[in-house]
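Notes to accompany the following structure.
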Ligand SMILES: [Zn+2]
Ligand SMILES: [Zn+2]
């Protein structure tokens with residue numbers, strides 16, 4: 001048996017495997033029809049969906065008569081397990097499609113055993129509907145021009161008589177007859193009205209009546225001018241891919257939520273541990289690998305470190321993935337005068353709680369979290385946390401800046417006892433780290449952690465600069481200086497907010513293309529002209545643009561960004577982190593004439609409240625972030641390589657999976 005598999009472009013198989021669509025082809029087709037004619041893969045890639053495309057029958061099995069007709073035997077297995085001789089030995093298509101093939105592709109291609117949907121065309125539409133209804137193994141089902149009532153049409157009668165011995169035996173394989181109770185939230189079927197098989201073989205109205213009778217929601221779309229061909233399939237396949245992707249996403253969220261709830265209930269109902277067990281439960285120090293920065297610019301060293309147990313109000317987490325950010329490189333390079341050595345850098349991560357210290361009430365072992373370098377204590381006495389105007393909670397700022405935990409000590413040491421400092425309250429270049437409870441955003445366990453890490457810094461910052469700090473309105477014009485991950489997140493958010501003109505500015509001409517992918521409408525390279533860049537932006541627009549963003553950290557660029565903001569009301573937002581000791585300047589006239597200068601840290605998001613919401617938006621398909629991941633490496637010891645890649649300039653985010 002041959003089959004084809006499409007796996008989306010990302011390098012990492014998500015936890016639990018790829019959500020997958022099984023596609024069943026029609027009469028005479030093999031495993032190539034769909035892959036070459038349907039044009040589905042761009043949409044599947046966009047949705048992160050794998051596609052498995054089996055053949056429609058055994059080939060060359062040598063069954064007498066297998067090649068005598070086009071609608072029976074080779075290419076026409078009808079998705080049943082044959083019971084009649086001479087077919088019963090080889091023609092086991094139902095078992096093949098629902099058991100044998102899934103077991104194989106789950107093992108070899110990392111497709112999910114539970115997050116699977118099924119669709120198909122004609123005989124394959126019949127296969128999709130009947131296998132979905134009879135096995136209940138699929139989250140969702142759709143079909144193109146399916147044979148809806150095969151016991152009442154010539155194709156079905158011939159197949160059932162041949163494979164099963166009688167038409168009556170086919171009643172268990174007839175979608176119209178199997179529709180005895182609502183089984184899916186909705187079934188999607190497309191049918192062309194110029195299909196020459198419509199009246200004699202397909203009989204969709206019988207299926208409609210059966211669905212109506214039992215209250216199964218069916219979206220049957222009838223299309224004038226479409227026939228039975230793959231042109232018809234390719235015209236509407238995008239809708240089917242999106243239909244299944246949406247169903248699989250909500251199924252994944254529901255399953256993860258149910259599992260988390262079950263784990264919580266189990267923890268609550270578990271008997272209290274006996275005294276001696278409690279002693280064991282006090283977390284012991286963990287030794288693990290971490291990348292230690294011993295001095296500026298020297299390559300990080302992969303060392304065995306001892307990570308002490310979490311103290312009061314702290315949790316220890318296993319870091320699953322870390323995305324490299326320029327701030328790590330900035331500190332590592334020695335430009336940060338407050339940088340401490342030896343230390344463990346890293347602050348953009350996805351992690352799982354391994355143990356909790358005394359007094360921790362909002363996190364449990366096993367919770368998935370994104371560490372935040374901006375904590376959120378949520379204490380009523382904290383005027384910052386109590387105010388909707390800011391996310392800058394100062395609760396642990398002093399100790400965080402000194403590279404220690406709130407009690408003034410570090411949880412990291414080398415094997416010889418040397419103390420290693422924390423960094424930004426995160427230190428995620430380590431397989432395990434200790435965080436303050438108030439620094440952890442608890443996120444949906446449905447979110448793959450190698451993607452969740454992006455919400456820990458750069459991407460969130462760019463999004464928040466638009467949504468929270470400057471609140472871009474529909475129809476606005478925007479200029480973004482610096483098209484790295486942060487700048488592109490600004491572009492993405494500006495487009496989502498309805499900005500109609502988005503000017504991207506970067507010294508690297510290669511950024512124009514990726515910028516356009518994210519939504520810029522114009523691109524300027526300051527190196528192309530002697531004329532100051534702010535003048536060039538203003539001359540494109542008469543009075544300047546409504547919102548400008550510095551994503552470079554360069555104070556001259558910050559000035560340019562302010563000076564091309566719209567006279568009278570333009571707002572310029574500083575996002576980039578400037579080198580220590582640098583100052584910004586402009587003529588006061590620029591502000592007197594209505595321009596406003598502001599800045600943002602972590603995009604104004606409150607870590608614990610807002611990061612989980614960003615994750616949920618992504619899971620709902622409303623906030624795509626996959627395009628930021630341009631490089632993936634495995635193993636914490638690959639962090640030096642990641643730094644090298646990030647410095648190369650082609651990289652948006654390099655995720656290191658531990
Ligand atoms: Zn960062
Ligand atoms: Zn606070």
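Nothing in this text is a laboratory measurement; each read-out follows from the coordinates by a stated rule. Predicted model only: the values in this text are computed from it and were never measured. Cβ: placed from backbone, ideal geometry, glycine included. Neighbour counts: every protein chain shown.
Between the Cα long axis of helix 154-164 and the first principal axis of the chain there is an angle of about 90°, rounded to the nearest 10. Residues 213, 613, 442 in ascending order of nearby Cβ atoms (within 10 Å, fewest first): 213, 613, 442.
Relative to the longest principal axis of the Cα atoms of the chain, helix 607-619 runs at roughly 30 degrees. Between the alpha-carbon centers of segment 515-530 and segment 164-198, tell me the distance in whole angstrom. Here the two parts' Cα centres lie 54 Å apart. Residue order for 160, 41, fewest other beta carbons within 10 angstrom first, comes to 41, 160. In terms of other Cβ atoms within 10 Å, 80, 486 run from fewest to most in the order 80, 486. Binning at 10 Å from 0, report for segment 296-372 what percent of all alpha-carbon pair distances ends up in each bin. Using 10 Å bins, I get a P(r) of 17, 40, 33, 11, 0 for segment 296-372. Note that segment 42-94 shows a convex hull volume over its alpha carbon atoms of 99 Å³ per residue. The DSSP beta bridges internal to the chain are antiparallel in roughly 45% of cases.
Normalised by the number of residues in the chain, the mean separation of alpha-carbon contacts (under 8 Å, six or more apart) gives a relative contact order of 10 percent. Taking square-rooted eigenvalues a ≥ b ≥ c of the alpha carbon gyration tensor, is segment 458-603 rounded, prolate or oblate, where a/c under 1.5 means rounded and, failing that, a/b exceeding b/c means prolate? Taking the square roots of the gyration eigenvalues as a ≥ b ≥ c, segment 458-603 is rounded.
Determine the shape class of segment 587-658: with a ≥ b ≥ c the square roots of the Cα gyration tensor eigenvalues, call it rounded for a/c under 1.5, and otherwise prolate if a/b is greater than b/c, oblate otherwise.
The shape class here is oblate.
Sorted on the mean count of surrounding Cβ atoms within 10 Å across their residues, most packed first, peptides 110-122, 379-391 read 110-122, 379-391. At q = 0.08, 0.10, 0.11 Å⁻¹ the log10 of I(q)/I(0) for the chain amounts to -0.72, -0.97, -1.07, computed by Debye summation with a single uniform scatterer per C-alpha, solvent ignored. With viscosity 0.692 mPa s and temperature 37 °C, the Kirkwood radius over alpha carbon pairs of segment 168-228 converts through Stokes-Einstein to a diffusion coefficient of 264 µm²/s.
If one takes the longest principal axis of the Cα atoms in the chain, at what angle in degrees, from 0 to 90 and to the nearest 10, does the Cα axis of helix 123-135 lie? Approximately 80 degrees, to the nearest ten.
Considering all C-alpha pairs of segment 392-530, those separated by over 24 Å amount to 50%.
Taking the three principal axes of the alpha carbon atoms in segment 344-436, the coordinate ranges are 45, 29, 25 Å, sorted in descending order. Taken over the C-alpha atoms, segment 3-256 has Rg and Dmax values of 17.0, 50 angstrom. Using just its DSSP H runs of length 4 or more, each adding -39500 (n - 2.57), the chain gives a mean residue ellipticity at 222 nm of -8500 deg cm²/dmol after division by all residues. A straight line joining the Cα centroids of segment 223-239 and segment 79-120 runs 26 Å.
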